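Worksheet for the structure shown next.
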Amino acid sequence: MADELLFNPRTYDPAHFDPETRRLLRATVDWFESRGKRRLIEDYRSRVWLDDFLAFSAKEGLFATFLTPAADAARPDQRWDTARIAALNEIFGFYGLDYWYAWQVTILGLGPVWQSGNTAARARAAELLAQGQVFAFGLSEKSHGADIYSTDMLLEPDGDGGFRATGSKYYIGNGNAAGLVSVFGRRTDVEGPDGYVFFAADSRHPAYHLVQNVVDSSKYVSEFRLEDYPVAPDDVLHTGRAAFDAALNTVNVGKFNLCTASIGICEHAMYEAVGHAHNRVLYGRPVTAFPHVRRELTDAYVRLAGMKLFSDRAVDYFRSAGPDDRRYLLFNPMTKMKVTTEGEKVIDLMWDVIAAKGFEKDNYFAQAAVEIRGLPKLEGTVHVNLALILKFMRNHLLDPAAYPEVPARLDAADDGFLFRQGPARGLGSIRFHDWRAAFDAYADVPNVARFREQADALCVFVGTAAPDEEQSRDLDLLLAVGQLFALVVHGQLILEQARLTGLDQDVLDELFAVLVRDFSGYAVELHGKDSATERQQNWALGAVRRPVVDEARSARVWERVEALSGAYEMAP
């Protein structure tokens, strides 16, 4: 019987979606499966551009269906639906991050357009999607990275209501082929934030010069330069502070996709790793007979389950967001930071088991081991997102507010608020529902109760031993605190989703045993920080807990892991 927690192409039937979404998701899986593993790996290794994949997408109307908001739709099945976007992220991650990347940067490129009141640009974008075109997001620069305050893309007024743009952009995905590139720059005649401009450029225009692909990959991560590029009034998407907000709000939309791509990578790798380990004999015993191997593969499995549970629940908050409910602004960097770093841990645990097998050229795993590293580093580093998460800590832990319960959101609705997020500020005022309710519902699960002790201890820390003004400038110390807080949020949404899905309590208990160990590890790390006070050091050691051990429970979870051997293998 297939494991209901993991994506399996052999049994995949997304019956919870509408018929057209189901058809497109299944058609995408079938397209990859028909190509086979050998072709998949060879295309990755030879770094070919994705013409055949984009031709498939254009033929099926995949990007146009999933990425055209209802307000700009030509067909009833076109909408911006985060639930089905997340499902497609997982599929692309499962087969290769190159495919996901072309889709991901198309999403980023569309963000400023769908936030714009420029009806001509919106209509042009919808038509380009219908043609099967990809998009690009021209924000970062070689000298400044994503420091948009310092952009050197300069727009000089042309006297006719438009501009002439000159400057370079660096690390811009799809910059080789994008029908529309959303480019961020600043006017030469206006100082400060009022001078920012987002405009639409075409990579095929003679004044658009493609310099290079800055990575050795099928992902075309371009450097391009505009030389006296004509920007007509109909090309202007945003001006002034609205352009700045459009940049940040686009990243809010785009960074969410990283978590489910990471999940897909880990799932494919897990089928290979468990299959190899279970069928290899060392010293007269299957590799999976060794206790340390069982522990590592079981930990990898429950961590992956946690990644899926958290991400699925975060979708609900993303889709239910509005001007009076911006809780998604915490859960969003959590998916980017926490879920993707969990993905690295999952791959590392499996790699420790399969060892040299993880390097072999005929396996997906060698590709997964490389690609999993990229996701924590895109759309802001782990450190940047941890620092962002810290802005919410006090309100989340100590000052809950009343909210209606957010239901599971798999309905065929358009998530229009994502393009009406408004000014990108006021994070410190966002309130949250009481995190304790999720833990109360599983108080009888031993390791949930053990982790709850640690979460309560963190509340005490925030109230009595929080970093003082001087320590607040010590980012090294703050990041250790951020990891502790992130674990509480991670556990909360896992428990909410477990209740909605009826998750097996053995899996939940085993997962929280891992989270108890993680919390203890970060507490010890905080204890060792140079600037930690004596009170903070004492608190840190007092927060260390040992998970509740249950050999029978661990054995039952291991049976689920063992059953993955032979459950799926991609055709040659």
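Residues that are more than 22 Å from residue 408 (Cα to Cα) and open to solvent by 10 Å² or more (accessible area, probe 1.4 Å): find the helices (runs of 4 or more DSSP H) completely inside the range 285-361 holding 3 or more of those. Spell out the reasoning first.
On the way: elements: 291-319, 328-334, 340-354.
Answer list for the range 285-361: 291-319, 340-354.
From the list 211, 251, 236, the one residue that fits, being more than 24 Å from residue 196 (Cα to Cα) and either hydrophobic (A, V, I, L, M, F, W, C) or buried (at least 24 other Cβ atoms within 10 Å of the Cβ) (or both), is 211. Look at the range 459-477: where a residue is within 10 Å of residue 533 (Cβ to Cβ) and a partner is open to solvent by 40 Å² or more (accessible area, probe 1.4 Å) and of a type outside the set (Gly, Ala, Ser), sitting 6+ places away or on another chain with Cβ atoms under 6 Å, you get 465/535. Got at least one residue in the range 534-557 being in contact (Cβ under 8 Å) with a residue 60 or more places away in the chain, within 22 Å of residue 393 (Cβ to Cβ) and of a type in the set (A, V, I, L, M, F, W, C)? Checked the range 534-557: at least one residue is in contact (Cβ under 8 Å) with a residue 60 or more places away in the chain, within 22 Å of residue 393 (Cβ to Cβ) and of a type in the set (A, V, I, L, M, F, W, C). In this entry, residue 189 is excluded by the filter for residues that are without any contact (Cβ under 8 Å) to a residue 24 or more places away in the chain and in contact with a Gly (Cβ under 8 Å, 6 or more places away or on another chain).
Does residue 521 satisfy the condition of being in a helix (DSSP H, G or I) and more than 30 Å from residue 407 (Cβ to Cβ)?
Numbers: in a helix (DSSP H, G or I): yes; more than 30 Å from residue 407 (Cβ to Cβ): yes.
So residue 521 fits the description; yes.
Per-residue answers, yes or no, for (1) touching a helix residue (DSSP H, G or I) at 6+ places or on another chain (Cβ under 6 Å); (2) assigned to a loop (DSSP other than H, G, I, E, B):
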{"residue": "387", "(1), (2)": "no, no"}
{"residue": "397", "(1), (2)": "yes, no"}
{"residue": "401", "(1), (2)": "no, yes"}
{"residue": "404", "(1), (2)": "no, yes"}
{"residue": "407", "(1), (2)": "no, yes"}
{"residue": "412", "(1), (2)": "no, yes"}
{"residue": "418", "(1), (2)": "yes, no"}
{"residue": "422", "(1), (2)": "no, yes"}
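Quick check on my filter: what residues within the range 312-333 are in contact (Cβ under 8 Å) with a residue 60 or more places away in the chain and farther than 20 Å from residue 385 by Cβ? If the condition is that a residue be in contact (Cβ under 8 Å) with a residue 60 or more places away in the chain and farther than 20 Å from residue 385 by Cβ, then 316, 319, 320, 322, 323, 325 are the ones that fit. Only one of the numbered conditions (1) over 20 Å from residue 553 (Cα atoms); (2) open to solvent by 40 Å² or more (accessible area, probe 1.4 Å); (3) not in a helix (DSSP H, G or I) is not met by residue 444, and that is (1). Within the bounds of the range 112-124, is there any residue that is modelled with pLDDT of 95 or more, β-branched (Val, Ile, Thr), more than 20 Å from the chain's Cα centre (by Cα) and open to solvent by less than 20 Å² (accessible area, probe 1.4 Å)? Checked the range 112-124: at least one residue is modelled with pLDDT of 95 or more, β-branched (Val, Ile, Thr), more than 20 Å from the chain's Cα centre (by Cα) and open to solvent by less than 20 Å² (accessible area, probe 1.4 Å).
There is no residue in the range 212-221 that is assigned to a strand (DSSP E or B), at pLDDT 95 or above, of a type outside the set (Lys, Arg) and in contact with a Leu (Cβ under 6 Å, 6 or more places away or on another chain). Reported count of residues in the range 312-350, each being over 14 Å from residue 417 (Cβ atoms) and not aliphatic (A, V, I, L, M), is 14.
Any residue that is under 26 Å from residue 313 (Cβ atoms) and in a helix (DSSP H, G or I) - is there at least one of those in the range 28-51? Step through it out loud before you land on a result.
To start, the set of residues in the range 28-51 that are under 26 Å from residue 313 (Cβ atoms) comprises 28-29.
Of the ones still in play, those that are also in a helix (DSSP H, G or I) are 28-29.
Looking for residues that are under 26 Å from residue 313 (Cβ atoms) and in a helix (DSSP H, G or I), one finds at least one in the range 28-51, hence yes.
Entry remark, the range 506-539: residues being under 30 Å from the mean Cα position of the chain (by Cα) and of a type in the set (Gly, Ala, Ser) number 4 in total. Of the numbered criteria (1) farther than 19 Å from residue 246 by Cβ; (2) within 33 Å of the chain's Cα centre (by Cα), the one residue 206 fails is (2). Residues that are open to solvent by less than 10 Å² (accessible area, probe 1.4 Å) and over 23 Å from the mean Cα position of the chain (by Cα) occur in the range 186-195; there is at least one. One residue stands out among those in the range 1-52 that are among the basic types (Lys, Arg) and in contact (Cβ under 8 Å) with a residue 60 or more places away in the chain: the one that is surrounded by the fewest Cβ atoms within 10 Å (Cβ to Cβ), which is 10.
Which of the residues belonging to the range 57-67 are in a helix (DSSP H, G or I) and either touching a residue at least 60 places away in the same chain (Cβ under 8 Å) or open to solvent by less than 20 Å² (accessible area, probe 1.4 Å) (or both)? Walk me through it before giving the result.
Filtering the range 57-67 for residues in a helix (DSSP H, G or I) gives 57-60, 62-67.
Answer for the range 57-67, where residues must be in a helix (DSSP H, G or I) and either touching a residue at least 60 places away in the same chain (Cβ under 8 Å) or open to solvent by less than 20 Å² (accessible area, probe 1.4 Å) (or both): 57, 58, 59, 62, 63, 64, 65, 66, 67.
Scan 503, 526, 484 and give me the residue that is under 22 Å from residue 4 (Cα atoms) and either at pLDDT below 95 or out of contact with any Pro (no Cβ under 9 Å at 6 or more places or on another chain) (or both). I'd like the intermediate steps shown before the answer.
Values: 526 fails: under 22 Å from residue 4 (Cα atoms); 484 fails: under 22 Å from residue 4 (Cα atoms).
503 is the lone residue from the list that is under 22 Å from residue 4 (Cα atoms) and either at pLDDT below 95 or out of contact with any Pro (no Cβ under 9 Å at 6 or more places or on another chain) (or both).
Scanning the range 223-233 for residues that are touching a strand residue (DSSP E or B) at 6+ places or on another chain (Cβ under 8 Å) and surrounded by fewer than 19 Cβ atoms within 10 Å (Cβ to Cβ) turns up 223, 225, 227, 228, 230.
Could you list, in sequence order, all residues of the range 68-77 that are surrounded by fewer than 23 Cβ atoms within 10 Å (Cβ to Cβ) and within 26 Å of residue 311 (Cα to Cα)? Before the answer, list the steps.
Kept after step one, since they are surrounded by fewer than 23 Cβ atoms within 10 Å (Cβ to Cβ), are these residues of the range 68-77: 69-77.
Hits for the range 68-77 are 69, 70, 77.
The values are calculated or read from the model by the stated rules, or taken from the named source; none is laboratory data. Please read all numbers here as calculations on a predicted model, not as lab measurements. Every residue, glycine as well, gets a Cβ built from its backbone with ideal geometry; the counts of neighbours run over all protein chains shown. Heavy atoms of the whole protein, side chains included, go into the accessibility calculation; ligands, DNA and RNA do not. Shrake-Rupley method; radii C 1.70, N 1.55, O 1.52, S 1.80 Å.
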